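Heads up, the thing below is written out as structure tokens.
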Amino acid sequence: EVAIRNLVFLQTDRNLQEVIDAVDGLGAPFLDTMTGRPAEVCDEEMERFIRILKVHPADVKILCAPYARFCDRPKVRVRAGLFEGMEGRVVRIRRDRKLVVAVGQMAIALSGIHRSLLEIVNE
């Protein structure tokens, strides 16, 4: 299992804000920049995030900026390998190119994906 400091995901069919208010120690939730409410992650995105962490936890960086900040860059798709089918944006972080993917409103940067495995996606 992988633990990520200061990050908790909750799966519930109840009102998310009520759950956050009821649990001591959750602190401030990651907010959806469009609504100002706690961010929600669909099951498909959560499964993708879990798959990323299981395979290459050291190659994952959770960014402080929301994914929307990177949407001015061209969208790309991974053509082959463990992350085949994932879509995101290529961003230079600390002199290294990383694929930034969305998990809800969060931006997750992945390293170790060679650019020859990426293709531009028409939006």
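Some points to look at:
- Accessible area of the chain belonging to carbon and sulfur atoms, whole % at 1.4 Å probe: 48
- Gain in span if fully extended, E87 to V19, counting 0.36 nm per residue against the direct Cα distance: 21.4 nm
- Candidates E40, E84, E18: whichever shows maximal mean-square fluctuation once the chain is modelled as a Gaussian network with Cα springs under 10 Å: E18
- Heavy-atom accessible area per residue - the chain, 1.4 Å, Å²: 70
The values are calculated or read from the model by the stated rules, or taken from the named source; none is laboratory data. Please read these numbers as outputs of a predicted model, since none were measured by experiment. Note: accessible area is taken over every heavy atom of the protein model, side chains too, but ligands, DNA and RNA are not part of it. Shrake-Rupley method; radii C 1.70, N 1.55, O 1.52, S 1.80 Å.
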